[in-house]
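Inspection log for the structure reproduced underneath, given as structure tokens.
Coordinate-derived values only; no laboratory data. What you are looking at is a predicted structure, and each value in this text was computed from that prediction instead of being measured. Cβ placement follows ideal geometry from the backbone for every residue including glycine, while neighbour counts extend to all protein chains displayed.
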Amino acid sequence: MIRKTTLKTQGLRTGRPGFIALVLMGVAVVGMILALTPAVFGKGTSQEAFQGIEKVAFTSHGSTIKGNLYLPAADGPEKKYPAVVVTGAWTTVKEQMPATYAKALSEKGYAALTFDFRGWGESVDDIKYLENPKRKIEDILTAVDYLSARPDIDATRIAGLGICASSGYMAQAAATSPKIGALAMVAPWLHDAAIVRQVYGGEEGVNKLIAMGKMAEESSDPVLIEAASETNEKSLMYKAPYYTEKGRGLISEYDNLFNVASWEGWLTFDAQQAADHIRVPTLLVHSEAAAIPQGVKAFEMRMGNTARVVWLDQVTQFDFYDRPEPVTRSVSLVSDHFKETFQSGNQPSDIAMIKTTLEAMAVLADQNRFAALEEIFADHVTVDYTSLFGGTAAPIGVKKLMTQWASFLPGFEVTRHNLSNIKVDAGRTFAVASADIRAEHYVEGLFWEITGTYDYELIRDKEAWKIAGLTLNFKKESGTRDVLALAGKRAAQHPDSYISNASRTKDAVTINTPSIWAKPANPVAPGSEDNENLKLVMKMFDAYSKGDTEVLRQVVAEDIEWYIPGRHPLSGIKRGIDELIAFFEELKELGFKAEVMILAANENYVIDAHRGWNTKGNKQVDLNWILLYQIVDGKIKRVQNFSGDIYTSDNFFNYK
């Protein structure tokens, strides 16, 4: 069940949500819905008011990001802190509402990082004041990576807190990075296309803003406007509280500017879709008196029982930013949520599973079982052997990594990778581990041994743990490295089956490329338009898309046999209408869609050839499929499914 809570908050001044008129380039557009309630107390959030701040810097996509790390009181020199990345409303800088929440969270024991996005505040970039969701999500992911690499941070206990507009960015980051083990959003602004139209003056208003944004993109100089103002009607947020009030959001660090080129990226961003992919416990704190509560309700429905929503009574959007009572309540809820989530990590079963995975990596590599080895790695892996060979570490696709290993490991007469002293620290979705390694290599009388340690990063994939990072910390070696070239030469003479299969897989991907199988305007074959059997199958299609089981039972035989090829949990014959409906539910959970290429029918059979692909889940499949339907006594009696690439579909359904 989804947990819903309403907390009554006393003594807060409230007001009705209103509209901000955006008058830009001479065109008036109905603006963002905001709660325009002025407040009468609270002090500024400039960084000088706080203690325990470490100024930090890290690189994101070529730009230097400047941040403040709010550190809790140290328990000792070996202390590893749980951490949280805190981001704020649109156009803001780290010293505004992110600082308010970061300081409060540091007092709860968290190392809280605030930072200026590229082109904002202290983070210098060629493009300034651009409210671009894609760029900001990238910066959040980089900030998480920065924290996870710090020796004083527990990489398995990193959370994300998004406030207002950045909630959508933080949600997408949590859907992307398994390093974010818990998620919270306060006063979340979570719009999709429908909400955008409601807020920004319908289709016409949205199109005008996007057109303005495109004009600004084409300008040789940045087109900047005032972000908030009490007097300038052409500002982005005219008469908006907080931003225009000294002692609140109007602080010296805030440049109060908005790049008009932001409009297309902002208005076309769908914050709702992240709900389909978030796998960590999520808390949303909001109020019916704050901005677009309908976005929170829609997000909650899409997330299901992974989400918990707490509604505070009569709190405006701007009050969430800095008013003591709602901030205190929100921080308490967020802190408790993170604590509860992180306490569920380091389960003995997870630690045992991870140790088994690491031991399996060594054994499978020695046995040259690269297809099995591939399955214990994430789709992309960062392999760092720079301590041994120099160079630069970079992410690599798992198939490419296995192909590299298959090009020389089979050339050895024998290898032995001996792991010992395995240590694991596991969160809910992300784990780190280390092990001592001694690797021996033998070929044609030559020998090479290296010793050192491995550092691992692992991510949870359904019920399994997969290796996403592998770093060798080289200590010493004996023998000769000449074995590497010799093994590579020997392996090239007799290519491993994995390399041959990789070539076949590439062919399968090529032949299933959607662009070469264009969807026709009318997929029904001439002569089949009035065929009753074809109409029956099309009626089944419609019932499946609507989830109408009553109609399905009308068109499908009670004792139907529906055959799924392959070797995976869904393969085999679905016998009877109930098993078939359960199978359809499995497909719906994966968000399968179809584009029909041809439908043809005669007195006994219907043939359906279509492109089928999924829109949900951790893996993607996009193949051509053919279904052969047998019609008996006016109902679908048997169906046989043919996959465009049985190996790809097996891999997908086994590890979806």
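What separates the Cα centres of the stretch 288-316 and the stretch 142-169 is a distance of 22 Å. Between ASP633 and THR328, the simple label model (points 7 Å from Cα in the Cβ direction) yields a spacing of 7.4 nm. Of all aspartates and glutamates in the structure, those lying under 17 Å Cα to Cα from LYS593, and not within fewer than 8 positions of it along the same chain, are ASP276, ASP542, ASP548, GLU585, ASP608, ASP622. Close lysine pairs were tallied over the stretch 348-511: pairs 8 or more places apart or on different chains with Cα atoms under 19 Å apart number 10. Label positions at ASP221 and ILE499, each projected 7 Å from the Cα along the C-beta direction, are separated by 6.0 nm.
Oblate is the label for the stretch 348-511. Its Cα gyration tensor axes, ordered a ≥ b ≥ c, give a/c of at least 1.5 and b/c at or above a/b. Can you compute the label reach from GLU532? Point 7 Å from Cα along the Cβ direction, backbone N cut-off under 16 Å, restricted to the stretch 595-621. What the label zone holds, given the 16 Å backbone N cut-off, is 601-606.
With 10 Å bins beginning at zero, the pair-distance distribution over Cα atoms of the chain amounts to 3, 13, 20, 21, 19, 15, 7, 1, 0 %. The residue among MET170, ASN368, PRO495 whose Cα reaches farthest toward the positive pole of the charge dipole of the chain, with charges on the beta-carbon of Lys, Arg, Asp and Glu, is MET170. May I ask you to list the aspartates and glutamates whose Cα is less than 20 Å away from that of LYS246, ignoring any residue fewer than eight positions away on the same chain? Correct list for LYS246: GLU48, GLU95, GLU226, GLU230, GLU233, ASP255, ASP319, ASP322, GLU325. Here the stretch 313-455 is assigned +1 on the Cβ of each Lys and Arg and -1 on the Cβ of each Asp and Glu. Its dipole about the Cα centre then comes out at about 120 debye. Note on HIS380/LEU570: beta-carbon distance plugged into 1/(1 + (r/R0)^6) with R0 of 35 Å gives a FRET efficiency of 0.85. Counting Lys and Arg as +1 and Asp and Glu as -1, what is the net charge of the other residues whose Cβ lies under 10 Å from the Cβ of VAL424? Residues close to VAL424 contribute a combined charge of 0.
Under 17 Å from a label point set 7 Å out along the Cα-to-Cβ vector of ASP192, the amide N atoms of the stretch 570-608 belong to 588-593. Packing here is the average count of other Cβ atoms within 10 Å per residue, and on that basis the peptides 108-117, 430-439, 308-317, 166-175, highest first, run 166-175, 108-117, 308-317, 430-439. Packing order of peptides 402-414, 480-492, 84-96, highest average first: 84-96, 402-414, 480-492 (average count of other Cβ atoms within 10 Å over each peptide's residues). Each Lys or Arg adds one and each Asp or Glu takes one away; over the other residues whose Cβ falls under 11 Å from the Cβ of LYS94, this sums to -2. For a straight C-alpha distance cut-off of 20 angstrom, the lysines reachable from LYS214 (same-chain residues fewer than eight places away being disregarded) are LYS128, LYS134, LYS136, LYS234. Modelled spin-label separation between TYR605 and ARG481, with each label point placed 7 Å from Cα along the Cα-to-Cβ direction: 6.2 nm. For a label point 7 Å from the Cα of SER344 along Cα→C-beta, name the residues of the stretch 420-455 whose backbone N is under 17 Å from it. Only 426-431 fall inside the zone, counting backbone N under 17 Å.
About its Cα centre, how strong a charge dipole does the chain have in debye, to the nearest 20, once Lys and Arg get +1 and Asp and Glu get -1 at the Cβ? Taking the Cα centre of the chain as origin, the dipole is about 780 debye. A dipole drawn for the chain from +1 and -1 charges on Cβ atoms has a positive end, and of THR231, ILE581, ALA194 the residue lying farthest that way is THR231. For the chain, the antiparallel share of DSSP beta bridges with both residues in that region comes to about 70%.
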